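*Asks:* Below is the structure I would like to discuss, written out as structure tokens.
Nothing in this text is a laboratory measurement; each read-out follows from the coordinates by a stated rule. Worth saying up front: this structure is predicted, and the values here are computed from it rather than measured. Backbone-built Cβ (ideal geometry, glycine too); neighbour counts: all protein chains shown.
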Amino acid sequence: MLLVANLMLFFHVGLATQIVMVVLFLLPLLAAARWRTALNFGVTYAVLTALGLLDLDTLGLPWLHVVSALAVGVTMMLPCFITGAYAFTTTFARRDAAHHVPEAVVIPCGVVIRFFPTIAEDYRQIRNAMDLRGIASGGWGIVRHPAQSLEYILIPLLMNATNVAQDLSVAALTKGLGCEGEHTSHTKIRMTVIDWLVMIVVTVPLALDIAGVM
């Protein structure tokens with residue numbers, strides 16, 4: 001699905017095809033009980049699509065063309081975000097290691113899957129510390145105090161990101177992801193009929209759009 005989403009961006013599919021594809025991409029998130037994530041992506045896509053379709057000249061708001069153009073650009077990339085979110089929130093590195101996947105792919109994937117949740121946890125801890133000290137506290141504190149937000153949030157996160165990546169790489173190697181030989185897993189890993197069916201279903205709209213049918 002992630003590959004098809006990137007191909008959508010490359011071929012610049014029509015709006016009808018894009019809507020169908022986004023709905024298909026949201027279904028696996030719902031099936032995986034990621035209700036909140038699916039709802040956020042769905043609402044975001046609907047709002048950005050509506051902004052992109054507005055006739056700003058008729059409304060007398062030509063200055064909003066920049067917002068409309070930005071909304072169109074983000075809408076085109078949103079399918080990649082949806083499929084990426086599904087891949088990272090439902091995939092575990094230990095399961096990837098059991099596949100016949102090269103080490104050069106397994107280790108980076110194992111690091112990336114754990115990297116963003118770790119950074120998100122660091123961000124929450126920084127925000128809690130700032131709220132405790134009354135620095136840019138509240139929901140709009142970051143917007144009201146951009147300089148403080150840059151100093152107290154962005155800089156620590158960037159400085160810590162390198163250490164997090166190194167620690168996760170060491171942890172992945174310690175758990176045997178880089179060991180040679182066949183890896184095993186307690187979870188049964190194989191392609192099922194549903195997997196093949198989903199792959200076919202998400203590919204058909206793209207193929208029809210490229211062929212000029214949709």
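*Asks:* Using a cut-off of 15 Å between beta-carbons, work out the net charge of the residues near LEU27 (Lys and Arg +1, Asp and Glu -1, LEU27 not included).
*Replies:* Result for the neighbourhood of LEU27: 0.
*Asks:* Between THR44 and THR192, what FRET efficiency comes out of the Förster formula 1/(1 + (r/R0)^6) with R0 = 35 Å and r the beta carbon distance, rounded to 0.05?
*Replies:* That gives a FRET efficiency of 0.70.
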